[in-house]
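The structure appears right after this line, and notes come after that.
The values are calculated or read from the model by the stated rules, or taken from the named source; none is laboratory data. Computed from a predicted model, the values in this text were never measured in an experiment. Positions of Cβ are generated from backbone atoms using ideal geometry, with glycine treated the same way; all protein chains shown enter the neighbour counts.
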Amino acid sequence: MSGGQVLLVDDDADLRGATLQSMDLAGLEAQGFAAGEAVLDRITSGFEGIVITDIRMPGIDGLSLMTRVHEIDPEVPVLLVTGHGDVPLAVRAMREGAYDFIEKPFSGAQLAGIAARALEFRQLVLENRRLRAVAGQSDDLESRLVGRSAAMIDLRRRVRTIGPSDADVLIEGDTGTGKEVVAQALHDLSPRRGRPFVAISCSALPEAMIESELFGHAPGAFAGALRARMGKFEHARGGTILLDDIGAMPMEVQGKLMRVIEDRVLTPLGSNERIALDVRFIATSRVPLAEEAAAGRFRADLLYRLNVVSLRVPPLAERVEDIPALFCRLLAQAQARHRLPERGATPGLLAELARRDWPGNVRELRNAAERFALGLMEQAAAGAEASADTTLAERMAEHERRLLVDALIRHQGVLKPVYESLGLSRKTLYDKLRRHGIDKGKLGSGSGGM
């Protein structure tokens, strides 16, 4: 029997009763609810169970319930029960943090099996938290990986789950999204946190010396090698090696790296000595390595070795609603670094920032915060024009999304002035928010005035 409790939400009393009976037969403790509001009173950051909810319900629907549960604790597994027509909606919800979904009609045993796995996952999450607490380790992911968008909530959930393991990790994402921050967080959440974290920029290493830099060399290995030298890999023993921008590594070196990762043994240049290597590898790439491997620019066998666990860090264009909070965080850091008095950003400026394109992502936004802190920030809109390969419909949809986010920020999440200022009905506004995946609660302090 898995520990923890299943909270089942379904307004269909017959289906709810049959599902509870299936849970009981499977040895799972379950409690049923006709509406989602009562479930929220049971959810805390230490809640040991999971939530199963129908998507279509009066009052608070399943997706809204999932969002509110994850605002309390983003790592509570939420399983969605869908009708046939709701499958695309459920697939989108998976990208936004749902644990799994099951389509009606389903067997009680099938749902119980999924629930048991979800309960095991929840117990693992809580045990990892307890181990970090015993070790006196604080979890500051909320301040490192700022944002309340579904993408960032899911990223933090996965980092918290993967961090304490010893699995090698591949992190992909556009330039400036914060891949190195994620890598450091994984190291800090791991048992290796007291050992070295060695970051190696694969694109900055001189090609003629790359093997010596990584693996070290024996005396006389090449002209000028007068004494033995420890490589970066050996220096990281017991800790974590970050291979930043691994796609820039020469193919010949990729082959040797693959053997090191596979055997956890390295041989310095000019030496026959084999050195055991106790490290965790984390690699980052700004381009999808699967595409690079398919094009013959990256070794497929090395990708297989690295890609034990993969994470994707979203660009700012996919989490526009996070820009105001992220800018405020970066601004506070810049002001503290330069010992400047605090000067907050106005709602108008934050709305303007959310409308801009940020091709350089967090790195570019950090530069803007620096300029603002120093009084040098230009008022002209920054960023590149929409890419020429996007369709008109895609550009129009993105423009509409930005207008909605802008209005929500300006009106602090209060919906009535939003739909009045945009000339929309309340229903039309709700439909547009849902279509664009915008959570009004994450863009303001209130939702009243409806």
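Residue count for the range 318-366 under the criterion of being without any contact (Cβ under 8 Å) to a residue 12 or more places away in the chain and within 20 Å of VAL182 (Cβ to Cβ): the result is 0. The residue that is nearest to the chain's Cα centre (by Cα), among those in the range 68-112 that are buried (at least 21 other Cβ atoms within 10 Å of the Cβ) and of a type in the set (Ser, Thr, Tyr), is TYR99.
If you go through the range 1-19 and keep only what is surrounded by fewer than 21 Cβ atoms within 10 Å (Cβ to Cβ), of a type outside the set (S, T, N, Q), in contact with a helix residue (DSSP H, G or I) (Cβ under 9 Å, 6 or more places away or on another chain) and not in a loop (DSSP other than H, G, I, E, B), you end up with just ALA18. Filtered by the rule that a residue be within 28 Å of VAL159 (Cα to Cα) and not in a helix (DSSP H, G or I), the range 83-115 gives GLU96, GLY97, ALA98, TYR99, ASP100, PHE101, ILE102. Determine, yes or no, whether GLU213 is surrounded by fewer than 20 Cβ atoms within 10 Å (Cβ to Cβ), free of Cβ contacts under 8 Å to residues at least 12 places away in the same chain and under 30 Å from ALA295 (Cβ atoms). Answer is no for this residue.
Residues of the range 322-346 that are crowded, with 20+ Cβ neighbours inside 10 Å and among the aliphatic types (A, V, I, L, M): ILE323, LEU326, LEU330, LEU331. Restricting the range 99-145 to residues that are of a type in the set (Gly, Ala, Ser) and touching a helix residue (DSSP H, G or I) at 6+ places or on another chain (Cβ under 6 Å) leaves a set whose member that is modelled with the lowest pLDDT is GLY108. A Cβ distance below 8 Å, combined with a sequence gap of six or more or placement on separate chains, defines the contacts here; from the range 298-313, residues that are under 15 Å from ARG280 (Cβ atoms) and in the same structural domain as MET251 (by TED's automatic domain parsing) reach no residue that is at pLDDT below 90 and among the aromatic types (Phe, Trp, Tyr). Of the residues screened, PRO219 is one that is surrounded by fewer than 13 Cβ atoms within 10 Å (Cβ to Cβ), of a type outside the set (Val, Ile, Thr) and in contact with a Gly (Cβ under 8 Å, 6 or more places away or on another chain). Cβ contacts < 8 Å: first residue not assigned by TED's automatic domain parsing to the domain that holds THR67 and exposed (fewer than 15 other Cβ atoms within 10 Å of the Cβ), restricted to the range 421-433; second residue in a helix (DSSP H, G or I) and hydroxyl-bearing (Ser, Thr, Tyr), any location; separation 6+ or different chain. Result? Close Cβ pairs (under 8 Å, with a partner that is in a helix (DSSP H, G or I) and hydroxyl-bearing (Ser, Thr, Tyr)) amount to SER425/TYR419; ARG426/TYR419; THR428/TYR419. Filtering the range 257-296 down to residues that are touching a Lys or Arg at 6+ places or on another chain (Cβ under 7 Å) and among the hydroxyl-bearing types (Ser, Thr, Tyr), which residue is surrounded by the fewest Cβ atoms within 10 Å (Cβ to Cβ)? Filtering the range 257-296 for residues that are touching a Lys or Arg at 6+ places or on another chain (Cβ under 7 Å) and among the hydroxyl-bearing types (Ser, Thr, Tyr), the one surrounded by the fewest Cβ atoms within 10 Å (Cβ to Cβ) comes out as THR267. Tell me, which residue of the range 20-40 that is hydrophobic (A, V, I, L, M, F, W, C) and part of a loop (DSSP other than H, G, I, E, B) is nearest to PRO77 (Cα to Cα)? It comes out as LEU28.
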